[in-house]
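Contents: one structure, followed by commentary.
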């Protein structure tokens, strides 16, 4: 029983799971806790439970708790039996069409759609909104800004999101029409009145009804239906994904493109296929990770591949230990106590064949040895060689650039040598700014990608 108590504490305090998730894990744990821990028993137990996702998650967490997760493998999950529903791109113009139709049909439905979209809400989350969930005082002080409000999300966790001005003004108009507020009330009186209303914002609203509203409005406005989870978001528009043809932004990729993906269970890089692309408008504060290796923005719900060093003392001595690598969002990370250090996964091993070609590999070698990389206001990569002393090397570098199809600009200068006080002919190859791409940031990015994508 002591072991079970410690396991529950691990799930709640270390993993940050909700009471509901812990309950589901324990329903499996009571059937497995007395069994011997070996590969045969693990495989048999998971298969007897249909090898479902919750049971696999329980087993993984229990082995991590015992610090034996590296000793065993979980049985392979059967895939391909059911056709996957791909999430389709939805443009801002299409979003506006759906919103306009919803408001024209019924103001309530317009407000529901806008709250879903601008708050990136799940269907269940919109049911948790009450009139006093909104920060009325802050908004009335600056009504040209988006409205901040709270919702209850997965795991009974509270999070703050934003609502657009149109939805808030439409909501106030409804209250005005119902006589809840009036033109003779002072702003402070309106704020106090709205803050005192603890009733659900939408009466007789269910998850199914939310789904039906979005489907019906999108079908009428676009002649095609969309699903609620297709209007949620994760990272900013400048985030890039590594394809087999180099790093690409969201508007440079398509469903079905081949990419490189990180498999956290196997700790390897493997080829994968893009199944869905989502683009949304987000009005709010983004998180940022920036160091010498990473620089990207993301929402609170985006999960990061992290490894946490936990502080622990045994008999007055430090006995710190690393948790197993896991996918965590910001709120889940904040719940982990006694963090000594946090590691963000950058890369892993790729057990496959991939070549950039001899010419590009050769240029990469020249950059690492005799090249120059500038990260100033106007980033550049260049290679310089003396024509006077190394004409063969100059010709060889130019041949590699041409054979590797790498845009470049070649300039020749005649500086005076400080030692011999004689002029020398120097050839300089600009790569990042090459091919007259210096003034075009999009082409500059593609030039950089073209030669650095391994």
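Summary of values
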quantity	calculated
Within segment 88-107, tally of residues that are in contact (Cβ under 8 Å) with a residue 40 or more places away in the chain, in a helix (DSSP H, G or I) and surrounded by fewer than 18 Cβ atoms within 10 Å (Cβ to Cβ)	6
Count of segment 54-70 residues which are surrounded by fewer than 15 Cβ atoms within 10 Å (Cβ to Cβ) and touching a helix residue (DSSP H, G or I) at 6+ places or on another chain (Cβ under 8 Å)	1
Residue ranges of strands (runs of 3 or more DSSP E) in segment 289-383 with at least 2 members over 30 Å from residue 410 (Cβ atoms), touching a residue at least 12 places away in the same chain (Cβ under 8 Å) and in contact with a strand residue (DSSP E or B) (Cβ under 7 Å, 6 or more places away or on another chain)	295-298, 304-310, 326-328, 339-344
Matching residues in segment 140-156 - criterion: being surrounded by fewer than 20 Cβ atoms within 10 Å (Cβ to Cβ) and either at pLDDT 85 or above or within 30 Å of residue 221 (Cα to Cα) (or both)	140, 141, 142, 143, 144, 145, 146, 148, 150, 152, 153
Test for residue 51: is it surrounded by 13 or more Cβ atoms within 10 Å (Cβ to Cβ) and in contact (Cβ under 8 Å) with a residue 24 or more places away in the chain	yes
Out of 390, 403, 428, sole residue that is in contact with a strand residue (DSSP E or B) (Cβ under 7 Å, 6 or more places away or on another chain), more than 30 Å from residue 307 (Cβ to Cβ) and either modelled with pLDDT of 90 or more or outside the structural domain of residue 271 (by TED's automatic domain parsing) (or both)	428
Candidates 120, 163, 167 - the one that is under 30 Å from residue 23 (Cβ atoms) and surrounded by 20 or more Cβ atoms within 10 Å (Cβ to Cβ)	120
Number of the condition not met by residue 121 [criteria: (1) modelled with pLDDT under 85; (2) part of a loop (DSSP other than H, G, I, E, B)]	(1)
Residues of segment 1-48 satisfying the condition of being loosely packed, with under 13 Cβ neighbours inside 10 Å, modelled with pLDDT under 85 and over 19 Å from residue 69 (Cβ atoms)	1, 2, 19, 20
Looking only at segment 259-289, and only at residues there that are more than 15 Å from the chain's Cα centre (by Cα) and over 18 Å from residue 347 (Cα atoms), the one that is modelled with the lowest pLDDT	283
Tally, over segment 170-196, of residues that are part of a loop (DSSP other than H, G, I, E, B) and loosely packed, with under 15 Cβ neighbours inside 10 Å	8
Qualifying residue in segment 149-167 (condition: part of a helix (DSSP H, G or I), in contact (Cβ under 8 Å) with a residue 40 or more places away in the chain and closer than 23 Å to residue 96 by Cα)	yes
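For every residue, the table says whether it meets (1) surrounded by 13 or more Cβ atoms within 10 Å (Cβ to Cβ); (2) at pLDDT 85 or above; (3) assigned by TED's automatic domain parsing to the domain that holds residue 269; (4) in contact with a helix residue (DSSP H, G or I) (Cβ under 6 Å, 6 or more places away or on another chain).
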{"residue": "307", "(1), (2), (3), (4)": "yes, yes, yes, no"}
{"residue": "310", "(1), (2), (3), (4)": "yes, yes, yes, no"}
{"residue": "318", "(1), (2), (3), (4)": "no, no, yes, no"}
{"residue": "329", "(1), (2), (3), (4)": "yes, no, yes, no"}
{"residue": "335", "(1), (2), (3), (4)": "yes, yes, yes, no"}
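The values are calculated or read from the model by the stated rules, or taken from the named source; none is laboratory data. A quick note: this is a predicted structure, and the numbers were derived from the prediction, not measured. As a convention, Cβ positions derive from the backbone with ideal geometry for all residues, glycine included, and neighbour counts pool all protein chains shown.
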